[in-house]
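First comes the structure, then the notes that go with it.
Bear in mind these aren't lab numbers, they're just calculated from the coordinates by the rules spelled out. Just so it is clear, the structure is predicted and the values come from calculations on it, not from any experiment. With ideal geometry, Cβ positions are generated from the backbone for all residues, glycine too; neighbour counts draw on all protein chains shown.
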């Protein structure tokens with residue numbers, strides 16, 4: 001009787017500890033028909049243009065037919081030639097302050113909070129043409145985010161990450177951070193996102209194909225991606241069936257040896 005109970009307990013532990021592939025595989029179709037999958041993919045649209053917030057770092061460049069005439073508006077770099085792209089962006093970028101403004105050489109303070117990058121470009125160009133140049137100067141302004149910065153913590157490569165693209169999907173962000181570990185909960189990835197009115201926690205199930213059409217599929221600057229730990233890690237029996245079997249076999253062998261010596 002005691003042997004049966006022992007085997008039953010071991011079987012329960014074995015089955016409950018094994019991590020199912022349904023918890024590990026990304027963007028599964030879950031037996032949905034092709035028409036449903038096609039409709040999900042069609043629903044995926046590019047996100048609305050990002051609107052600048054406090055603490056964003058912007059890269060602003062002014063160009064003209066005669067580059068010397070706009071030189072006074074461009075930042076003067078004090079970084080050596082061996083600096084990384086991130087260091088260069090940090091020292092040459094324009095930080096959006098608590099008032100929602102950036103301080104541009106010669107132009108002074110410019111309100112940018114709540115504007116898209118395209119709207120900021122137009123606002124700067126309008127100000128230049130009004131106060132400094134004529135239309136014939138052919139002024140050209142480019143405004144970009146100085147890298148899309150986000151943070152990853154939990155069962156994923158942790159730290160501050162930077163991708164130099166204007167639009168980044170959560171799949172790209174995770175891959176750039178080194179992927180989610182075997183013990184990471186892909187079904188409930190949390191995203192702490194900053195909005196003008198405060199922070200909000202969002203959730204996305206990366207094991208389901210429907211994640212492609214969710215609002216969380218594209219990350220935003222300063223997002224914090226949090227991957228929780230699956231319960232199987234706390235048990236500590238292994239990542240797969242073979243590892244669990246090996247652990248249990250070792251435990252049973254040790255118990256048997258002890259019992260035989262009694």
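Listed values, structure above:
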| quantity | calculated |
| --- | --- |
| Anisotropy class of the stretch 57-145 from Cα gyration tensor, a/c 1.5 cut | oblate |
| Inter-label distance, nm, simple model (7 Å from Cα along the C-beta direction), residue 203/residue 106 | 5.4 nm |
| Sorted peptide list for 139-151, 48-60, criterion being average Cβ within 10 angstrom, highest first | 139-151, 48-60 |
